[in-house]
1. Please compute the modelled spin-label separation between PHE82 and THR214, points set 7 Å along Cα→Cβ, answer in nm with one decimal.
2. Which three lengths, in whole Å and largest first, does region 161-332 cover when its Cα atoms are put on their principal axes?
3. Calculate the spin-label point distance for ASP275 paired with ILE261, positioning each point 7 Å from the Cα along the beta-carbon direction, and give it in nanometres.
4. Specify the angular offset, from 0 to 90 degrees and rounded to the nearest 10, of the alpha carbon long axis of helix 127-136 from the longest principal axis of the alpha carbons in the chain.
5. Take the cross-link list LYS200/LYS308; LYS171/LYS236; LYS171/LYS220 and give me the ones stretching past 19 Å between alpha-carbons.
6. What fraction of the DSSP beta bridges in the chain is antiparallel, stated in percent and rounded to the nearest 5?
7. Give me the percent relative contact order of the chain, please, defined on Cα pairs under 8 angstrom at least 6 residues apart.
8. Just name one of THR245, ILE261, MET272: the one whose Cα is farthest towards the positive end of the charge dipole of region 235-284 (beta-carbon charges, Lys/Arg +1, Asp/Glu -1).
Amino acid sequence: MKHVTFFISVVAVSSLFLSCKRSTKFLRASSMANEVVVVMDDNAWENGEAGRAVFELFNTPIPALPQPEPHFKILHVAPQNFGSTFKMSRNIVIPEISNIYAEPKVTSEIDKYAYGQVILTIKAPDTVTFVNYVKANTQSILDYLVTKELERTAEWLEEESGTPQKRIREKFGISIHYPPGLTHVTEDEDFYWATNDAVKGRQDIVIYQFPYVTEKVFEKDSLIAIRDSILGEHIKGSFDSQMTTSKQYDPLYKKMVIDSIFRAEIRGLWEMTADMMGGPFVAQAFVNPYTNKVIVVDVFVYAPEGKKRNLLRSLEASFYTIRILDPNEQSKEKE
């Protein structure tokens, strides 16, 4: 599984969470993607401050989506009903408020009841401390669970997606796995675009590259300008329109390291210059040290009729499958 370190938020997660890992691969965790099961007393969940804090935590809107959508769908279950079926869920959160705890903390257990599972236990000595702790660590908790969700999906993509690798290897010197169904492919020099071309729930992934000259290319404004130039040239719409980054929403920007490779990420909204089309996108840029080129992987969604969280996250999981291939390995990779 990929090892991920974000310079800002997930660095905090590494110290916030105490993990207990189990390597036994038995039954795979079930439940829907981006769903969390909260195990909590009915009265505390429905009427208590602690329940409200947990609900607000997971109901926090995802940034850079055109309409509000929560980070996770929440499924509440009382402790006495937390039986074998619920124990197979992929994301489980258990609040524990007791004076046996001297201070608040979060612990995580990996693969306790099923493979691919995360169980978070949020502990605190009293309700006030619990609520304050959850509010103070909302982003770190969300980042941790979202990353685990993306890692699970990435593992599935590597096993099941069937992404064609030959042209991507030859053109960019990387391997990547993206969701199945993106069978409409357009290529140009240093440019690869795959889409499902769906009327509803459209998903696209674009890979492009250019020579690495200066580290300033990884600055936010530079990445946006390059994105607008390359995608504007290659992705056209009706009425002579072209893709561009929306000015209505200032894209989010962050730096990270995945498998020892530095990446810069921008997350925002795209639109067509003379059309009504638009939606969310995420792009990550990194250097291929064997070719000395900057590679950008850009994923975006068009789904004006429905929700976009799951569509976008299934594409984002592709980022966690990227491997830079040395020349010898590249020649040995299978189609």
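1. Output for this residue pair reads 5.5 nm.
2. Sorted largest first, the three principal extents are 46, 35, 28 Å.
3. Taking the simple label geometry, ILE261 and ASP275 are separated by 3.0 nm.
4. 10
5. LYS171/LYS236; LYS171/LYS220
6. Close to 75 percent.
7. Normalised by residue count, the contact order of the chain is 18 percent.
8. Projecting each Cα onto the dipole axis, the largest value belongs to ILE261.
Bear in mind these aren't lab numbers, they're just calculated from the coordinates by the rules spelled out. This one's a predicted model, so the numbers in the text were calculated from it and none came from an experiment. Quick reminder, even Gly has a Cβ in these numbers, built from the backbone with ideal geometry, and neighbours come from all protein chains shown.
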